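Chemist: Just dropping this structure here.
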Amino acid sequence: MSAVMDQMEVAETVRGAQRALGPAIESKPLMGSEVTIKVALTPGTVTLIAAPVTVLVSMVAGWVLLTSLGSPVYGREMIGAGIVNALGGMMASLPLFLLMRKGSQAIAQAGILAIAVRCGAILMGMILAMSPAWGLDKMPLVYWVMGCYFPMLMVETAVVAWLANKAR
């Protein structure tokens, strides 16, 4: 086979046939029009996804640590605290997201506002999660909320510093 392919004429004939055929299966939609979605990791995207990603990493790290130590994990409380922290962190990132194009002073002010929004949102979410309707154990919920809150606070502070340095 390789002796045949060494001949330039045969190789060009095979290449020409492959070019003429194209792909075996076309990736065109069967019905409807084609939609292109572009996802970019912009400063705005980083600002909005920092809290949920941090909360997820904190929950996994806490689960691994507690499981390794043989301590009870309290899975429902962990998920409740994760939801409360992720939503509170995303609400706190909105002032940053909206004001990041107005310069470093506006970013610093939005960072201060974000702290107040985060504290209030997480406190209200924790109060809601402690209602009897949810049936969660209160102290493990508080521990999970704190365990997710402080890493998120560090990451969001770093995001504010990064945005302020990046601003003109």
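The values are calculated or read from the model by the stated rules, or taken from the named source; none is laboratory data. These numbers come from a predicted model, not from an experiment. Every residue, glycine as well, gets a Cβ built from its backbone with ideal geometry; the counts of neighbours run over all protein chains shown. Side chains are part of the model used for accessible areas, which takes the heavy atoms of the whole protein and leaves out ligands, DNA and RNA. Shrake-Rupley method; radii C 1.70, N 1.55, O 1.52, S 1.80 Å.
Chemist: Only residues in the stretch 1-19 that are modelled with pLDDT under 65 count as the first member; pair them with residues that are open to solvent by less than 100 Å² (accessible area, probe 1.4 Å) and of a type in the set (Val, Ile, Thr), Cβ under 6 angstrom, at least 6 apart or cross-chain, and list the lot.
Modeler: Val4/Val10
Chemist: Before we move on, is Leu56 in contact with a helix residue (DSSP H, G or I) (Cβ under 9 Å, 6 or more places away or on another chain), at pLDDT 95 or above, surrounded by 11 or more Cβ atoms within 10 Å (Cβ to Cβ) and closer than 30 Å to Trp162 by Cα?
Modeler: Considered against the rule, which asks whether it is in contact with a helix residue (DSSP H, G or I) (Cβ under 9 Å, 6 or more places away or on another chain), at pLDDT 95 or above, surrounded by 11 or more Cβ atoms within 10 Å (Cβ to Cβ) and closer than 30 Å to Trp162 by Cα, Leu56 comes out as yes.
Chemist: What tally of residues in the stretch 113-133 results from selecting those that are open to solvent by 80 Å² or more (accessible area, probe 1.4 Å) and either among the charged types (D, E, K, R) or touching a Pro at 6+ places or on another chain (Cβ under 9 Å) (or both)?
Modeler: Of the residues in the stretch 113-133, 1 are open to solvent by 80 Å² or more (accessible area, probe 1.4 Å) and either among the charged types (D, E, K, R) or touching a Pro at 6+ places or on another chain (Cβ under 9 Å) (or both).
Chemist: Check whether at least one residue in the stretch 73-83 is closer than 21 Å to Asp137 by Cβ, without any contact (Cβ under 8 Å) to a residue 40 or more places away in the chain, β-branched (Val, Ile, Thr) and surrounded by fewer than 18 Cβ atoms within 10 Å (Cβ to Cβ), and report yes or no.
Modeler: Taking every residue of the stretch 73-83 in turn, at least one turns out to be closer than 21 Å to Asp137 by Cβ, without any contact (Cβ under 8 Å) to a residue 40 or more places away in the chain, β-branched (Val, Ile, Thr) and surrounded by fewer than 18 Cβ atoms within 10 Å (Cβ to Cβ).
Chemist: Pick from Leu94, Leu136, Leu99: which is surrounded by 15 or more Cβ atoms within 10 Å (Cβ to Cβ), among the hydrophobic types (A, V, I, L, M, F, W, C) and in contact with an Asp or Glu (Cβ under 6 Å, 6 or more places away or on another chain)?
Modeler: Within the list Leu94, Leu136, Leu99, the selection yields Leu136.
Chemist: When you scan the stretch 102-112, how many residues do you find that are of a type in the set (A, V, I, L, M) and either open to solvent by 20 Å² or more (accessible area, probe 1.4 Å) or modelled with pLDDT of 95 or more (or both)?
Modeler: Qualifying residue count, the stretch 102-112: 2.
Chemist: Does Gly88 fit the bill of being under 15 Å from Pro140 (Cβ atoms) and open to solvent by less than 80 Å² (accessible area, probe 1.4 Å)?
Modeler: Criteria not met by Gly88.
Chemist: Report, ordered by the first and then the second residue, all pairs with beta carbons closer than 6 Å, sequence separation of six or more or different chains, a first member in the stretch 121-132 that is under 20 Å from Ala51 (Cα atoms), and a second member that is part of a helix (DSSP H, G or I) and open to solvent by 90 Å² or more (accessible area, probe 1.4 Å).
Modeler: Ala121/Met91
Chemist: Where the second residue is of a type in the set (Phe, Trp, Tyr) and open to solvent by 40 Å² or more (accessible area, probe 1.4 Å) and the first is closer than 19 Å to Pro95 by Cα and lies in the stretch 48-63, which pairs have Cβ atoms under 7 Å and are six or more apart or on separate chains?
Modeler: Leu48/Phe97
Chemist: Shifting gears a bit: Give the stretch 139-166 a look and list any residue that's farther than 25 Å from Trp63 by Cα and surrounded by fewer than 16 Cβ atoms within 10 Å (Cβ to Cβ), or say none.
Modeler: Within the stretch 139-166, Ala161, Trp162, Asn165, Lys166 meet the criteria.
Chemist: Criterion first (among the β-branched types (Val, Ile, Thr), closer than 30 Å to Leu163 by Cβ, open to solvent by less than 60 Å² (accessible area, probe 1.4 Å) and modelled with pLDDT of 90 or more) does Val46 satisfy it?
Modeler: For Val46, the condition - among the β-branched types (Val, Ile, Thr), closer than 30 Å to Leu163 by Cβ, open to solvent by less than 60 Å² (accessible area, probe 1.4 Å) and modelled with pLDDT of 90 or more - is not met.
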